[in-house]
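The values are calculated or read from the model by the stated rules, or taken from the named source; none is laboratory data. Since we're looking at a predicted model, the values are computed, not measured. All Cβ positions, even for glycine, are placed from backbone atoms using ideal geometry, and neighbour counts span all protein chains on display.
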Amino acid sequence: MKNYEDEKQESGMRVLVIEPLKRPYIKTISDDLESLQREVGGDIEGVFPFDDPVAIVLNGEGKLNGSALNRGLYDEKGELYDIIAGTFLVTGLTEDDFGSISEGLAEKYMEKYKIPERFLSVNGEIVSEPILDGLKEKQAVSTQQPLGHLAGYPKGHNGKNRKRNKENEGRW
């Protein structure tokens, strides 16, 4: 005869998985510590930045072990206050543990994290930049144009070497 714990173990826990540079997806995992650790690649840490009954489960040493930066955490003003490194999960919450995320909350957080981000240092501040679909297509089109200025040449230069002589010395 099956009891509640057996049934719970068979069905597993639905979580939202967010990997660096990828779109989120739903996955059912076992609801034990080892499964959570396997998903995030190390010791887990729970973070509770939202009013909803959800947790972000991440690798507590992700920033220290060189995991790729993934998504930002923003305050109510939209200011970046932290960055999650490595794969993380969005789970639901039970009275005393992580649990399956509801369908409605999964959709909400899938939408929230659907666009991967990259992080840059600009004038001493860390800023995020969305990585939009079609980026590769835009890069492919732009490589058909002269890229001389990207290789250190002045803007407008096509990147091809020119013969230097006295008449054009110092000019491109």
Hey, GLU39 part of a strand (DSSP E or B), acidic (Asp, Glu), surrounded by 13 or more Cβ atoms within 10 Å (Cβ to Cβ) and modelled with pLDDT of 95 or more or not: no
Filtered residue count, the stretch 93-132, keeping only those that are assigned to a loop (DSSP other than H, G, I, E, B) and acidic (Asp, Glu): 3
Failed condition for ASN59, given (1) surrounded by fewer than 14 Cβ atoms within 10 Å (Cβ to Cβ); (2) within 16 Å of the chain's Cα centre (by Cα): (1)
Scan of the stretch 98-113 for residues that are surrounded by 13 or more Cβ atoms within 10 Å (Cβ to Cβ) and either in contact (Cβ under 8 Å) with a residue 40 or more places away in the chain or under 19 Å from GLU19 (Cα atoms) (or both), ordered by number: PHE98, GLY99, SER100, ILE101, LEU105, ALA106, GLU107, LYS108, TYR109, MET110, LYS112, TYR113
Qualifying residue in the stretch 22-42 (condition: basic (Lys, Arg), in contact (Cβ under 8 Å) with a residue 12 or more places away in the chain and closer than 16 Å to SER128 by Cα): yes
Per-region count, the stretch 119-145, residues under 20 Å from LEU69 (Cβ atoms), at pLDDT below 90 and of a type in the set (A, V, I, L, M): 2
Of all residues making up the stretch 52-85, the number that are in a strand (DSSP E or B) and either of a type in the set (D, E, K, R) or closer than 20 Å to LYS114 by Cβ (or both): 16
Test: residue in the stretch 63-79 that is surrounded by 15 or more Cβ atoms within 10 Å (Cβ to Cβ), touching a strand residue (DSSP E or B) at 6+ places or on another chain (Cβ under 9 Å) and more than 26 Å from LEU132 (Cβ to Cβ): no
